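To start, the structure itself, in structure tokens.
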Amino acid sequence: MTTETKLRGGLALTLLSLTILGFYFNKQYEELEKCKIGSSFIQGGDIQKEVLLDRIDSLHDELFNAVHENGIEELVLDSLFIKYPKLKKEHDNIKFESNLFE
């Protein structure tokens with residue numbers, strides 16, 4: 001056998017195996033597409049991302065509401081403290097005593 005014959009045989013064998021692999025992967029791709037079209041296919045990563053994004057949005061909304069409610073309460077307390085200075089002293093004493101127990 002000459003070198004040229006070995007090269008031709010190797011090339012033919014390589015092309016044949018590439019053709020077989022191409023058909024094999026094409027068949028697998030078609031089966032995957034059929035499964036995706038069916039109702040039983042669930043893509044887990046996207047669903048988990050969507051759930052997490054929804055949870056982040058809801059937590060952001062709750063935090064926004066809590067911060068604004070606290071801000072409103074502080075404004076009301078400040079206006080009361082201006083009108084009633086004794087109330088501010090009592091409030092500060094209560095806050096100080098509650099911090100002692102923590």
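Every number in this text was worked out from the coordinates using simple rules, so none of it is lab data. Model, not experiment: these values are computed from the prediction. Every residue, glycine as well, gets a Cβ built from its backbone with ideal geometry; the counts of neighbours run over all protein chains shown.
Please give the calculated 222 nm ellipticity per residue for the chain, where each DSSP H segment of at least 4 residues contributes -39500 (n - 2.57) and the sum is spread over every residue; nearest 500 deg cm²/dmol? It would help to have the intermediate numbers written out before the result.
Numbers: 3 runs with 91 residues, N = 102.
It lands at -32500 deg cm²/dmol.
In whole Å, what three semi-axes, largest first, describe the equivalent ellipsoid of the chain built from its Cα gyration tensor (square root of 5 times each eigenvalue)? If you can, show how the numbers build up before the last one.
Working: eigenvalues 1212, 70, 25 Å².
Working through the eigenvalues yields semi-axes of 78, 19, 11 Å.
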Completion exercise
In degrees rounded to 10, the 0-90 angle between helix 85-100 Cα long axis and the longest Cα principal axis of the chain is 50
Handout entry: Inter-site label distance for Ile94 and Cys35 at 7 Å from Cα along Cβ, in nm
Key = 6.3
Exercise for the section: Could you state the angle between the C-alpha long axis of helix 44-83 and the longest principal axis of the C-alpha atoms of the chain, as a value from 0 to 90 degrees rounded to the nearest 10? Expected result: 10
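Excluding same-chain pairs closer than 8 in sequence, count the lysine pairs in the chain whose Cα atoms lie under 28 Å apart.
Working: Lys27/Lys36; Lys34/Lys49; Lys36/Lys49; Lys83/Lys95; Lys86/Lys95.
Eligible lysine pairs with Cα atoms under 28 Å apart amount to 5.
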Handout entry: Surface/4 estimate of mean projected area, convex hull on alpha-carbon atoms of region 1-41, nm²
Key = 2.8
